[in-house]
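Let me give you the structure first, and then I'll get to my questions.
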Amino acid sequence: MPALTGPRSSRRWLVSAAVLGLAAPVPGRAAEIEGWSGAEQIVLVAVERDDGLRAKVSLLEKASGVWRTHRKDLPAVIGKKGLAIGAGLHRLNEVPTRLPLKKEGDLKTPAGVFRLGPAYGYAARPPSPFKQAYTQLRDSHQGVDDPASRWYNQIVDSAALPGGAAPDWKSREVMRRADDLYKWLAVIGHNERAVPGGGSLIFLHVWRAADKGTAGCTALAEGHLLDILGWLDPAKRPVFVALPEKEAKAWRKGPPVLKSRPARR
């Protein structure tokens, strides 16, 4: 890593971001060259306030080279404590650096650009076929949130671990819940490198209520969620984008071409 200059707080931020796997900006490099190159579907989450829980979800799709709005402003909720910078497909200059970095257990939703899918649910099959991979959740499915586990940030079937391995985690989430929150869900690809403590088990799922925040996921009414899951097409390389409302406006017509400022000498 090159020597870091500037305020001490900025240096700490950059070091922490590098550990999480966020790439540093490259002067003059268009954001769409990497990360989400080829994406033709976007689930765009515009959050009212950095520390708020209310959001609006819009669905964008590219056809014949033109981005069009498929659905607009579906009500949603995010983490109880608002937004934090996640580890996904974005680069450092593509997310608001005023936000803190995402950490395990902070009750914040990752901001940035992320892969989306696969899908899970309680039923043997969705009411209408999904184009993406779908797995029925059993009582033995667990989401591992123990940073020390080799299965950290994964949904696993504890009764069928590869090679007959024994569970090595001390904390986990039962995926087939007693309520309907995970009746349908899609995985949001935050911290896919499974950096310990970087945050885990981030989903798009059914909300508890329109005024109840989540532990870090994005949640909607069941009907709206099913519309989204039925619309998603892996062949179109869908991405999930969560940003404060101001920054999200730049995405209303598809991925913006963002250029970082030249470094000061």
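Scan region 162-212 for residues that are free of Cβ contacts under 8 Å to residues at least 24 places away in the same chain, under 24 Å from G52 (Cβ atoms) and among the charged types (D, E, K, R) and jot them down.
none
Examine region 106-116 for a residue that is of a type in the set (V, I, T), exposed (fewer than 15 other Cβ atoms within 10 Å of the Cβ) and within 22 Å of the chain's Cα centre (by Cα), and state whether such a residue exists. Full working, then the answer.
Here is the first cut: in region 106-116, the residues of a type in the set (V, I, T) are 109, 113.
Filter once more, keeping what is exposed (fewer than 15 other Cβ atoms within 10 Å of the Cβ): none.
No, every residue in region 106-116 fails to be of a type in the set (V, I, T), exposed (fewer than 15 other Cβ atoms within 10 Å of the Cβ) and within 22 Å of the chain's Cα centre (by Cα).
In addition: Any chance region 84-99 includes a residue that's buried (at least 21 other Cβ atoms within 10 Å of the Cβ), modelled with pLDDT of 95 or more, touching a Gly at 6+ places or on another chain (Cβ under 6 Å) and not in a loop (DSSP other than H, G, I, E, B)?
No, the conditions are met nowhere in region 84-99.
Going by the conditions given, is K81 in contact with an Asp or Glu (Cβ under 9 Å, 6 or more places away or on another chain), part of a loop (DSSP other than H, G, I, E, B) and of a type in the set (D, E, K, R)?
Yes: the conditions hold for K81.
May I ask you to list the residues in region 53-65 that are more than 19 Å from D227 (Cβ to Cβ), surrounded by fewer than 19 Cβ atoms within 10 Å (Cβ to Cβ) and at pLDDT 95 or above? Please lay out each step first, then the result.
If we filter region 53-65 for residues that are more than 19 Å from D227 (Cβ to Cβ), which is where we start, we get 53-54, 64-65.
From what is left, the residues that are surrounded by fewer than 19 Cβ atoms within 10 Å (Cβ to Cβ) are 54, 64-65.
Listed by number, the list holds a single entry, R54.
Here is a further query. Of the residues D145, D180, which is within 17 Å of the chain's Cα centre (by Cα), modelled with pLDDT of 95 or more, acidic (D, E) and closer than 21 Å to L107 by Cβ?
D145
The values are calculated or read from the model by the stated rules, or taken from the named source; none is laboratory data. For clarity, every value in this text was computed on a predicted model and none was experimentally measured. Cβ: placed from backbone, ideal geometry, glycine included. Neighbour counts: every protein chain shown.
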